[in-house]
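Below: one structure, written as C-alpha cells.
The values are calculated or read from the model by the stated rules, or taken from the named source; none is laboratory data. Just so it is clear, the structure is predicted and the values come from calculations on it, not from any experiment. Reconstructed Cβ throughout: ideal geometry from the backbone, glycine too, with neighbour counts over all protein chains shown. Heavy atoms of the whole protein, side chains included, go into the accessibility calculation; ligands, DNA and RNA do not. Shrake-Rupley method; radii C 1.70, N 1.55, O 1.52, S 1.80 Å.
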Amino acid sequence: MLPLTFLAALLLFTLIAMIPRRASAHCDTENGPAVNDGRKALETGNVNHALKWIFPEGEAELRPIFDKAVRVRALGAEAAEVADRYFLENLVRIHRAGEGASYDGIKPTGTVLDPRVVAADQAMENGELKPLLALIPADKHAELQRRFDKARALQQFDVDDVAAGRAYIAAYVSFFKYAEGEEHDHGHHHH
C-alpha cells in the first residue's frame, strides 16, 4: 500500500494539472498566435509581425531584442535556437505585461486550452461563429457577435501598418476574453 499522503498528493497534483489555467488564453502557448507571429518575424526579418502584439510603450524594449536575435541567428543552428527562444520569451513577456497579466514562461505544445478558446480560434479562421455560440450563454451572443465582427473586419491589414495590426490584436483579444467569460478587458489601455 502506498502511504495515503502520497496518494492524496498525487490526486491533488492530477486535479491541478487538469484545471485549464485561466491565466493562459493561448497567447503564451508554444503554438499560439503570438509565438507564431514571433517566428514569422524572425524568419522574414520583419519585426512588424511581432510588434502588433506589443503596446507602443513596449516597442523600445522589443526592437533591440529582435535585432540582437536576428544577428545571433546567423551564427548557426544552435545559436538560432537560443536566439529565437530569447526573442519569443521576451515577446510574450512584454505582450503579457502590456495586458497587466503575469508571465510564467511559454507553455508547451499540448497545453490544455479552454474549449471556448479553441472554438474562438476556429471561428477567427473560418468565419463560422456557431460552434462557439453553442458554448456561450445566450445572453452573451449579441456582444460576442459584435466583437467577432469587429475583429474579422480588422483581420486583413498590411504587416507594415503596425497601428492597423495593433487595432486588430486589440479587437481579437477583446473577442477572446469575452468568449472565455471575462466581462471586461483588464488592463487594456488601448480602447
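Checked across segment 98-113, the condition of being in contact with a Leu (Cβ under 9 Å, 6 or more places away or on another chain) and open to solvent by less than 10 Å² (accessible area, probe 1.4 Å) holds for no residue.
Here is the figure for segment 45-61: residues that are under 20 Å from the mean Cα position of the chain (by Cα) and assigned to a helix (DSSP H, G or I) total 9. Of the helices (runs of 4 or more DSSP H) contained entirely in segment 62-171, those carrying at least 2 residues that are at pLDDT 95 or above fall at 77-98, 130-133, 141-153. Residue pairs whose Cβ atoms lie under 7 Å apart, sitting 6 or more positions apart in sequence or on different chains, and linking a residue in segment 130-153 that is farther than 14 Å from residue 117 by Cβ and of a type in the set (Asp, Glu) to a partner that is open to solvent by less than 80 Å² (accessible area, probe 1.4 Å) and assigned to a helix (DSSP H, G or I), are 143/178.
Under the condition of being part of a helix (DSSP H, G or I), under 14 Å from residue 116 (Cβ atoms) and in contact with an Asp or Glu (Cβ under 8 Å, 6 or more places away or on another chain), which residue from segment 174-191 is modelled with the highest pLDDT? Looking at the filtered set, the residue picked out is 178. Within segment 22-43, the residues that satisfy the criterion of being at pLDDT 90 or above and either of a type outside the set (A, V, I, L, M, F, W, C) or part of a loop (DSSP other than H, G, I, E, B) (or both) are 33, 36, 37, 38, 39, 40, 43. Residue-level analysis places residue 91 among those that are closer than 16 Å to residue 26 by Cα, in contact (Cβ under 8 Å) with a residue 40 or more places away in the chain and crowded, with 17+ Cβ neighbours inside 10 Å.
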